[in-house]
1. What are the residues whose amide H is under 5 Å from the amide H of TYR261, where those residues sit 5 or more places off or on another chain and H is modelled from the backbone?
2. Counting only residues 5 or more places away or on other chains, whose amide H sits under 5 Å from the amide H of ARG86 once H atoms are built in the peptide plane?
3. Note down the net charge around GLU59, summing +1 for each Lys or Arg and -1 for each Asp or Glu among other residues with Cβ under 9 Å from its Cβ.
4. Structure shown: which of LYS70/LYS275; LYS37/LYS275; LYS37/LYS175 lie over 25 Å apart, alpha-carbon to alpha-carbon?
5. If the chain between THR213 and HIS166 were fully stretched, how many nm would it gain, using 0.36 nm times the residue separation less the Cα-Cα distance?
6. Could you order peptides 264-271, 111-118 by the average number of other Cβ atoms within 10 Å of their residues, highest first?
7. Kindly identify region 190-235 as rounded, prolate or oblate by the Cα gyration tensor criterion: order the square roots of the eigenvalues as a ≥ b ≥ c, call it rounded if a/c is under 1.5, otherwise compare a/b with b/c, prolate if a/b is larger, else oblate.
8. Once you list every other residue whose beta carbon is under 14 Å from the beta carbon of MET229, what net charge do they have if Lys and Arg are +1 and Asp and Glu are -1?
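No value in this document is a laboratory result; all are computed from the given coordinates. On a predicted model such as this, the values are computed, not experimentally measured, just so you know. Ideal geometry is used to build each Cβ from the backbone, glycine not excepted, and the neighbour counts take in all protein chains shown.
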Amino acid sequence: MKKMITCLFGGLLLFGGLGVAFAQDAQNASATTPPPKVLQVIREFVKPGKGGLVHQKAESAFVQAFTRAKWPTHYIATTSVTGKPRVLFFVGFDSFEAWEKDGLAQQKNATLTAELDRASANDGDLLSETDTSLLMYNEEQSLHAPVDIAHMRYFEILLYRVRAGHRHEWEELMKLVKTAYGENPDMHWAAYDAVYGQEGSTHVFFLPMKSATEIDQGPERDKKFVAAMGEDGMKKLAELESSAVEFSQSNLFQMTPSMSYPPDEWVKADPGFWKTKPSAAAKAPAKTDEKPAAKP
């Protein structure tokens with residue numbers, strides 16, 4: 001964890017439910033919570049043989065550092081089930097101003113900075129690559145976004161890159177999909193537009209699931225979607241997809257509480273899942289005469 005400073009048609013048929021409000025203030029937390037307006041996504045690609053418990057042990061040092069500092073900004077980690085071995089860390093903010101203030105506050109905290117520097121050095125030996133993206137919530141292209149995220153166990157994450165000059169077709173496509181799903185109160189998703197860190201016009205959708213059973217239910221959802229669209233609607237959808245979408249990708253990730261720094265409300269809601277014991281590597285560092293690390 002750094003310091004915090006599918007084909008379109010098939011993917012859309014799998015939408016089921018989303019809410020990513022893990023970094024909201026405690027007073028905003030509830031059984032269902034809205035997605036954050038700004039989402040920071042940090043990706044860590046793990047070297048072969050360095051994942052699993054090895055990486056979790058290194059990441060627990062970050063969790064304990066933030067816990068000891070009683071840091072108000074929380075984050076969650078998800079581990080890849082498909083694709084390259086990697087971990088995604090999600091940090092939510094109310095605005096870019098809030099994101100900036102959080103980074104500046106970390107820099108001013110010498111004790112926290114020193115602990116994060118040590119944790120980063122250990123974690124870096126396990127990684128082959130890292131990158132960071134900043135996304136902005138797109139309410140217009142989202143549907144029934146708030147859910148009980150504390151009890152979710154998986155994320156399906158869908159990424160679409162729209163061809164230059166074809167934004168209008170993309171927006172028309174999303175309106176068709178929302179209309180077809182809008183009458184079903186059980187259908188939920190949150191849409192984000194990439195502001196920094198992604199190529200071209202990139203859009204990201206998140207689908208949380210309580211269990212893999214929801215994947216098995218996909219074919220039945222597909223039938224209802226096709227029926228709602230109708231023959232003409234499906235034909236129009238295919239045309240818009242062909243015109244607007246340059247690239248698409250869908251992957252499955254699993255919630256990883258041992259690498260997460262969740263809000264207290266989540267821990268209270270599902271302590272059996274979110275409450276983890278700190279590893280030996282995460283114990284408070286011994287006091288030394290060493291001066292705090294320089295501010296980044």
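1. TYR75, ILE76, ALA77
2. VAL46, SER80
3. Details: positive: LYS57; negative: GLU44, ASP123.
Net local charge, GLU59 excluded: -1.
4. Flagged as over cut-off: LYS37/LYS275.
5. Details: separation 47, 0.36 × 47 = 16.92 nm, distance 3.59 nm.
Between THR213 and HIS166, full extension yields an extra 13.3 nm.
6. Details: 264-271: 15.4, 111-118: 18.2.
For the peptides 264-271, 111-118, the packing ranking is 111-118, 264-271.
7. Numbers: a/c = 3.91, a/b = 1.39, b/c = 2.81.
Since a/c reaches 1.5 but b/c is at least a/b, the shape of region 190-235 is classed as oblate.
8. 0
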